[in-house]
Amino acid sequence: MKLRKVTAASAAVFALALTATACGGDDSGDGGSSSSGGGEKIKIGIKYDQPGLGQKTPQGYEGFDVDVATYVAKKLGYEEDQIEWKESKSADRETMLQRGDVDFIAATYSITPERQEKVDFAGPYLLAHQDVLLRADDAKVKSPEDLNDAKLCSVTGSTSAQNVKDKLAPKAQLQNYPTYSACLTGLQNGAIDALTTDDSILAGYASQSQFEGKFKLGGFKMTNENYGIGVKKGSDLKAKINDALEAMVADGAWDKAVKDNFGPANYKNESAPKIGDIKS
């Protein structure tokens, strides 16, 4: 009887061990899928230094582009903690997409024919206009033509300054800086005369409390800038992102994001553009 009891107990322990091993094998195969949607991450490119649009802060990431990207990611099945943010400087965006460094980029990325040869775009999701930021006491620049002989700053890889020189002020002295923040410092200390890029970006800078009263927008609508979400050429994400953008407009989240991020600057934004409606 004693032998039979020991044998039965051993069999029970052995069976329990097999069950535990099987369960352990399943857990390692899932890679933690029950808590993190398969343990996957989505890599999204944004700007890190554009207040109101894409900015890295001690608390995290904020701005209109960040809100749009977060909404799109959720529609694609990713929660906020599954997003891996990547800094996407203007000169690096096409390369980052082509190499697969990111899944998509939402970084004030204007849709142009030249860029469409290299990457695909979903959207547009915002229509901005090129403008200039000036020192508040500047009385000389009253029109784009007044930028002739002025030191005009934009960032490396951006088309903004070249647009002004080619079409409006051929004698403008172009100054390429690595970031808009660097341009802003140059404008503040007098090293440059004007910073040019999209009015949405400029409004974000001008609205910061530390710069209140120091800068002003020129108010020139020099170009149409159709912000799109960049994806790798041929990616099936394009259609899915377009669906997400349409949903964002339909449920009011787009309007809320505009108010939350541009409201303090009293930015006069255009209505949400229709998908595929690219203004020339």
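The values are calculated or read from the model by the stated rules, or taken from the named source; none is laboratory data. Since the model is a prediction, treat every value here as computed from it, not as a measurement. In this analysis, Cβ positions are derived from the backbone assuming ideal geometry, glycine residues included, and neighbour counts consider all displayed protein chains. Note: areas computed on protein heavy atoms with side chains; ligands, DNA, RNA excluded. Shrake-Rupley method; radii C 1.70, N 1.55, O 1.52, S 1.80 Å.
Over 19 Å from ILE46 (Cβ atoms), outside any loop (DSSP other than H, G, I, E, B), touching a residue at least 60 places away in the same chain (Cβ under 8 Å) and among the charged types (D, E, K, R): does that describe LYS165? Considered against the rule, which asks whether it is over 19 Å from ILE46 (Cβ atoms), outside any loop (DSSP other than H, G, I, E, B), touching a residue at least 60 places away in the same chain (Cβ under 8 Å) and among the charged types (D, E, K, R), LYS165 comes out as no.
Here the stretch 237-280 is the region considered, the condition is being of a type in the set (A, V, I, L, M, F, W, C) and open to solvent by 70 Å² or more (accessible area, probe 1.4 Å), and the residue that is nearest to GLU225 (Cα to Cα) is ILE278.
Just one of the listed residues (LYS74, LYS43, LYS86) is in a helix (DSSP H, G or I), open to solvent by 50 Å² or more (accessible area, probe 1.4 Å), at pLDDT 95 or above and closer than 29 Å to GLY100 by Cβ, and it is LYS74. Please indicate, with yes or no, whether at least one residue in the stretch 177-197 is assigned to a loop (DSSP other than H, G, I, E, B), in contact (Cβ under 8 Å) with a residue 24 or more places away in the chain, among the acidic types (Asp, Glu) and open to solvent by less than 30 Å² (accessible area, probe 1.4 Å). No: the stretch 177-197 contains no residue that is assigned to a loop (DSSP other than H, G, I, E, B), in contact (Cβ under 8 Å) with a residue 24 or more places away in the chain, among the acidic types (Asp, Glu) and open to solvent by less than 30 Å² (accessible area, probe 1.4 Å).
Considered as a group, the residues in the stretch 60-71 that are among the acidic types (Asp, Glu) and open to solvent by 40 Å² or more (accessible area, probe 1.4 Å) include one that is nearest to GLN208 (Cα to Cα), and that residue is GLU62. Of the residues making up the stretch 199-244, those that are among the aromatic types (Phe, Trp, Tyr), within 18 Å of the chain's Cα centre (by Cα) and in a strand (DSSP E or B) number 1. Residue under question is GLY157, and the condition is that it be in contact (Cβ under 8 Å) with a residue 60 or more places away in the chain, out of contact with any Lys or Arg (no Cβ under 6 Å at 6 or more places or on another chain) and part of a loop (DSSP other than H, G, I, E, B); does it hold? Spelling it out, GLY157 is indeed in contact (Cβ under 8 Å) with a residue 60 or more places away in the chain, out of contact with any Lys or Arg (no Cβ under 6 Å at 6 or more places or on another chain) and part of a loop (DSSP other than H, G, I, E, B).
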